[in-house]
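To start, the structure under review is shown below, and the notes come after it.
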Amino acid sequence: MTNATVNYEFHEANTRGLANHGWLVSRHSFSFANYYNPERVSFGALRVLNDDIVHPGKGFGTHPHENMEIISIPLSGSLAHKDSTGTEQEIKTGEVQVMSAGSGIFHSEYNYSKTEEVNFLQLWIMPDKMNIAPRYEQRDFSKNLESNELVTMVSPEDKEALWINQKAEISMGYLKVGQTHKHSIKYEGNGIYAFLIDGKVKINDVQLQRRDAVGFQSSDELSIEILEDAHLLLIEIPINF
């Protein structure tokens, strides 16, 4: 649903695309693979937001990417990552991975556990500069996320965050009921896509429940009211890309 007056897009959780491959259950916020919705191809430079559950010991075999910023955020469990830069890592809950595919990279991603499912978010963001050297970085934000604040995890400028090849920022927080948070847009011409992982919030008078999302294309500041303890992801992204 798009409201032209206030310039937002509201995406209910149950309207996302669904792919069930047995070993993988994936819900797509935007058109992806066999799911195509002409009204949900992207939100500016945010091309993919997949909510994936992978069975124990299963995963994505080696495959290529190029000219895409790929961010993985485990919500429960951990991922085993391997790529053609020589990187081989476990990505645990509380950690975030950024992989700049650049001029070309091969990688695989598997559930690290042989007994427990992993649930993770994967975002694809279209890059600012094309054909850069492929790169990989991950960081543990678990201590930062205990602050009851929104934590900047991905940024082109913030030295405490993972670098991204785009004027985009990704913030996340575990936020307590009863509080109100203000969040300002950092880069001119950007919008913001808010994805509620869990809980209940109101953002600029739009109420969200678990896995709902709302995108604002031209709002300088968000007012976020926490109606129930919440786990919230904010993605600031160039719109006219």
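The values are calculated or read from the model by the stated rules, or taken from the named source; none is laboratory data. Only a predicted model underlies this, so the values are computations on that prediction, with no experimental measurement involved. With ideal geometry, Cβ positions are generated from the backbone for all residues, glycine too; neighbour counts draw on all protein chains shown.
Of all the numbered requirements in (1) in contact with a Leu (Cβ under 9 Å, 6 or more places away or on another chain); (2) surrounded by fewer than 20 Cβ atoms within 10 Å (Cβ to Cβ); (3) more than 25 Å from residue 144 (Cα to Cα), residue 126 misses one, and that requirement is (2). Scanning segment 93-122 for residues that are within 17 Å of residue 63 (Cβ to Cβ) and in contact with a Ser or Thr (Cβ under 9 Å, 6 or more places away or on another chain) yields a count of 11.
For residue 178, the stated conditions hold: it is more than 24 Å from residue 28 (Cβ to Cβ), among the small types (Gly, Ala, Ser) and touching a strand residue (DSSP E or B) at 6+ places or on another chain (Cβ under 8 Å). Say whether the condition of being buried (at least 23 other Cβ atoms within 10 Å of the Cβ), within 26 Å of residue 119 (Cβ to Cβ), of a type in the set (Gly, Ala, Ser) and out of contact with any Gly (no Cβ under 6 Å at 6 or more places or on another chain) is met by at least one residue in segment 187-199. Yes.
Only residues that are surrounded by 18 or more Cβ atoms within 10 Å (Cβ to Cβ) and more than 20 Å from residue 123 (Cβ to Cβ) were counted in segment 226-241, giving 1. Here is the figure for segment 13-23: residues that are buried (at least 16 other Cβ atoms within 10 Å of the Cβ) and either over 16 Å from residue 212 (Cβ atoms) or touching a residue at least 40 places away in the same chain (Cβ under 8 Å) (or both) total 2.
When 215, 191 are screened for being small (Gly, Ala, Ser), under 29 Å from residue 77 (Cα atoms) and in contact with a strand residue (DSSP E or B) (Cβ under 6 Å, 6 or more places away or on another chain), only 215 passes.
With respect to residue 56, determine if the residue is surrounded by fewer than 18 Cβ atoms within 10 Å (Cβ to Cβ) and either polar (S, T, N, Q) or within 30 Å of residue 205 (Cα to Cα) (or both). Spelling it out, it is not the case that residue 56 is surrounded by fewer than 18 Cβ atoms within 10 Å (Cβ to Cβ) and either polar (S, T, N, Q) or within 30 Å of residue 205 (Cα to Cα) (or both). Taking segment 130-202 and the strands (runs of 3 or more DSSP E) fully enclosed by it, the elements with 3 or more residues that are under 28 Å from residue 109 (Cβ atoms) and touching a residue at least 12 places away in the same chain (Cβ under 8 Å) are at 135-140, 151-154, 169-175. Quick one: is residue 236 in contact with a strand residue (DSSP E or B) (Cβ under 9 Å, 6 or more places away or on another chain), part of a strand (DSSP E or B), at pLDDT 95 or above and over 17 Å from residue 48 (Cα atoms)? Here the answer is no, as residue 236 does not meet what is asked.
Flag set for residue 151, criterion: more than 25 Å from residue 130 (Cα to Cα) and touching a helix residue (DSSP H, G or I) at 6+ places or on another chain (Cβ under 7 Å). With respect to the conditions (1) in a loop (DSSP other than H, G, I, E, B); (2) closer than 25 Å to residue 130 by Cβ; (3) touching a residue at least 60 places away in the same chain (Cβ under 8 Å), residue 218 lacks only one, and its number is (2). State all residues of segment 105-126 that are under 19 Å from the mean Cα position of the chain (by Cα), assigned to a strand (DSSP E or B) and closer than 24 Å to residue 46 by Cα; if no residue qualifies, say none. Selection gives 107, 108, 109, 110, 118, 119, 120, 121, 122, 123, 124, 125. Within segment 24-53, the set of residues being of a type in the set (D, E, K, R) and surrounded by fewer than 16 Cβ atoms within 10 Å (Cβ to Cβ) comprises just one member, 39.
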